[in-house]
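**Student:** I have a structure I would like to understand better, so I am pasting it below and will then ask my questions one at a time.
The values are calculated or read from the model by the stated rules, or taken from the named source; none is laboratory data. It should be emphasised that the depicted structure is a prediction, and the values quoted were computed from it without experimental measurement. Here the Cβ is made from the backbone with ideal geometry for all residues, glycine too, and neighbour counts use every protein chain on show. The area values use the complete protein model at the heavy-atom level, side chains included, leaving out ligands, DNA and RNA. Shrake-Rupley method; radii C 1.70, N 1.55, O 1.52, S 1.80 Å.
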Amino acid sequence: MMNIPFVDLKAQYESIKSDVDQAVAAVLSKTAFVGGPFLKQFETEYAAFCKVKHCIGCANGTDAIAIALKALDIGPGDEVITAANSFIATSEAITMVGAQVVFVDMNPATYNIDVTKIEAKITPKTKAIVPVHLYGQPADMDPVRAIAKKHNLKVVGDCAQAHASLYKGKPVATLADITCFSFYPGKNLGAYGDGGAVVTDNDAYAQKMRMYANHGSVVKYYHDMEGINSRLDGLQAAVLAVKLKHLDKWSDARRNNAYAYNKALEGTSLITPKELPDVKAVYHLYIVRVPAAKRAGLQDFLKTNGVDTGIHYPIALPFLKAYAYLGHSEKDFPEAFKISQEILSLPMFPELTKEQIGFVAAKVREFEKL
Ligand SMILES: *Cc1c(COP(=O)(O)O)cnc(C)c1O
């Protein structure tokens, strides 16, 4: 029997312990807790990593999306289009700024927004599209950008699950007006607490986001507007700067793990993930599809054999109680509804071994013979 956790943050910490401990000690000795050199260094390095001009740290990925929408002057009376299958943070941020969320069904091949269904949802009130790069795979950005251009809409990318992913060789952050990241500990680039960032090439948006996230001021006590308090603290920034150096290597490890799973699961009834051509998907999660009637049984069987799994997400956004007021039914988002009954997330993290992947696949095969 093996115990295979769903994610293993400890294994990663052990691998970079001395650098992280030194970075944390440096922040403490300089008492650079909010703002300061560690934040500035990480913002500079992360903007360069994303190949954009500006990075502004903030408190979490949910705020990042709200801060981006605010900078684009999106608020009450406006509609914002996003994917029906995501974590609730995406739609919460739209509601937070006072705008109306409008969901679009997903493409069953990639689990990302179905770009052929976006235009039908555009009204005179639509101001922006928020594609989510779900599970680590970039959304199909060329058509998203073409639609946005045609209808004069902004694009805000939700990249909370896809740090370091590439679309046609380019970081996804270069393909949107503003791109938003979460550094929640379990994300591909995770802090040791909450954290987030917005990145952009646009100087005016950058200035506005920096002010809005810091009480509406650039110079302390001179407030040009009301903002919020949403900052990335020095300790988190210092940890993230250490981890950023390893991110490409960790992303490659996730990809190799995904391909090893694909191979090991060949010939089973599980449907393994598909990549769009010409993307670098970074497998924040490794999702398989299991016939709905078998899913709970497989999940229990794996649990009994020491393998932790998850479901991301058991209820698609439009069907959550939180969105009952929109009055949606299953037929409005048939693909998102269908996969929510079938998806299962297998353990995925960079340090996962070939042996562990082989063990999971062997247990899947054993279950299928029962
Ligand atoms: C994690 C996540 C967020 C929000 O990030 P937090 O830092 O937890 O606020 C937003 N969107 C998606 C798709 C996420 O997975």
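**Student:** Name the residues in segment 139-177 that are open to solvent by 10 Å² or more (accessible area, probe 1.4 Å), away from the ligand (no atom under 16 Å from the Cβ) and of a type in the set (Gly, Ala, Ser), would you?
**Tutor:** Ala146, Gly169
**Student:** I'm checking my understanding of the structure. Among residues of segment 178-188 that are of a type in the set (Phe, Trp, Tyr) and assigned to a loop (DSSP other than H, G, I, E, B), which one is least open to solvent (accessible area, probe 1.4 Å)?
**Tutor:** Phe183
**Student:** If Ala173 satisfies all but one of (1) of a type in the set (A, V, I, L, M, F, W, C); (2) assigned to a helix (DSSP H, G or I); (3) on the phi > 0 side of the Ramachandran plot, what's the number of the condition it fails?
**Tutor:** Of the numbered conditions (1) of a type in the set (A, V, I, L, M, F, W, C); (2) assigned to a helix (DSSP H, G or I); (3) on the phi > 0 side of the Ramachandran plot, the odd one out for Ala173 is (3).
**Student:** Find the residue count for segment 45-59, including only residues that are more than 13 Å from Ala204 (Cα to Cα) and either assigned to a loop (DSSP other than H, G, I, E, B) or in contact with a His (Cβ under 8 Å, 6 or more places away or on another chain) (or both).
**Tutor:** Counting residues in segment 45-59 that are more than 13 Å from Ala204 (Cα to Cα) and either assigned to a loop (DSSP other than H, G, I, E, B) or in contact with a His (Cβ under 8 Å, 6 or more places away or on another chain) (or both) gives 4.
**Student:** Next up: For segment 189-245, enumerate the residues that are aromatic (Phe, Trp, Tyr), more than 19 Å from the chain's Cα centre (by Cα) and either surrounded by 15 or more Cβ atoms within 10 Å (Cβ to Cβ) or within 27 Å of Val20 (Cα to Cα) (or both). Can you show your working first?
**Tutor:** Kept after step one, since they are aromatic (Phe, Trp, Tyr), are these residues of segment 189-245: 192, 205, 212, 221-222.
Subsequent filtering for residues that are more than 19 Å from the chain's Cα centre (by Cα) retains 205, 212, 221-222.
Listed by number, the residues that qualify are Tyr205, Tyr212.
**Student:** Which one is farthest from Ala99 (Cα to Cα) among residues in segment 111-138 that are within 13 Å of the ligand (Cβ to nearest atom) and in a strand (DSSP E or B)?
**Tutor:** Selected residue: Ile113.
**Student:** Search segment 60-100 for residues being near the ligand (Cβ under 8 Å from one of its atoms) and in a loop (DSSP other than H, G, I, E, B), and hand back the single one that is farthest from the chain's Cα centre (by Cα).
**Tutor:** Asn60
**Student:** Shifting gears a bit: What number of residues within segment 6-50 satisfy the criterion of being of a type outside the set (Phe, Trp, Tyr), in contact with a Gly (Cβ under 9 Å, 6 or more places away or on another chain) and surrounded by 15 or more Cβ atoms within 10 Å (Cβ to Cβ)?
**Tutor:** Going through segment 6-50 one residue at a time, the tally reaches 8.
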